[in-house]
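The values are calculated or read from the model by the stated rules, or taken from the named source; none is laboratory data. The structure presented is a predicted model; accordingly, all values stated were derived computationally and were not measured. Every residue, glycine as well, gets a Cβ built from its backbone with ideal geometry; the counts of neighbours run over all protein chains shown. Ligands, DNA and RNA are excluded from the accessible area calculation, which covers all protein heavy atoms including side chains. Shrake-Rupley method; radii C 1.70, N 1.55, O 1.52, S 1.80 Å.
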Amino acid sequence: MRRRVLGVLAVAILAGCAAPVNVPPGPHASDPVCGEVLQALPGVLADGEERSITSQATAAWGEPPITLRCGVEVPGPSTERCITVESGETSVDWLALESDDELVPEHGRRDSGAWTFITYGRVPAVEVVVPAERGGDQPTAVLVELASAVERTAVERECVGVDDVY
């Protein structure tokens, strides 16, 4: 009987342990601000629990995982769709990338229909990949939940609309 209880306990413990999410670090992952961003991240995102990761300055939640990388390359001026996400008094600009954009990371390309967002005008830059299964019809809702953590990065530029140019 004791062996059976231990076996059931071991299976229950192992079942609760998901494999770490393997996301490569960004080239500037060692930026100290990334540590501040990671400390401010929520433990639950889009109803997914935080998962263990294998790389510096990265985070993941749920299955399939929503991933975040801090310290990716800062995008320059772009014609990509730039969206401003506001949460309370926090405002963060993000580039919403198409799947064939060169800035989309390999782990974002593997997930058919995934949305990739990279902060615009912030240093260090932060990237978020939201799998289609997790984003539903409002993938930007994830960005709202991340805004207070991402606002720790320095603002150097902002989105500019067509009306702002003239």
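Distances between placed amide hydrogens fall under 5 Å for residue 120 paired with 93, 94, 95, all partners being 5 or more residues away or on another chain.
Within a Cβ distance under 12 Å of residue 87, other residues only, what is the Lys/Arg minus Asp/Glu net charge?
Working: positive: none; negative: 86, 89, 145, 151.
Taking every other residue near residue 87 into account, the sum is -4.
A Förster distance of 25 Å, applied to the separation of the beta-carbon atoms of residue 91 and residue 56, puts the FRET efficiency at 0.35. Rounded, prolate or oblate for segment 42-147? Axes are the square roots of the Cα gyration tensor eigenvalues, ordered a ≥ b ≥ c, and the cut-off for rounded is a/c under 1.5. Note, shape of segment 42-147 comes out rounded.
What does the highest-first list of 45-52, 139-146, 119-126, 76-83 look like by mean Cβ count within 10 Å?
Top of the packing list down: 119-126, 139-146, 45-52, 76-83.
Spin-label model, residue 123 to residue 73: label points 7 Å out along the Cα-to-beta-carbon direction sit 1.7 nm apart. Estimated at 0.36 nm per residue, the fully extended path between residue 36 and residue 154 surpasses their Cα-Cα distance by 41.3 nm.
Among 118, 53, the sequence by solvent-accessible area, most first, with a 1.4 Å probe is 53, 118.
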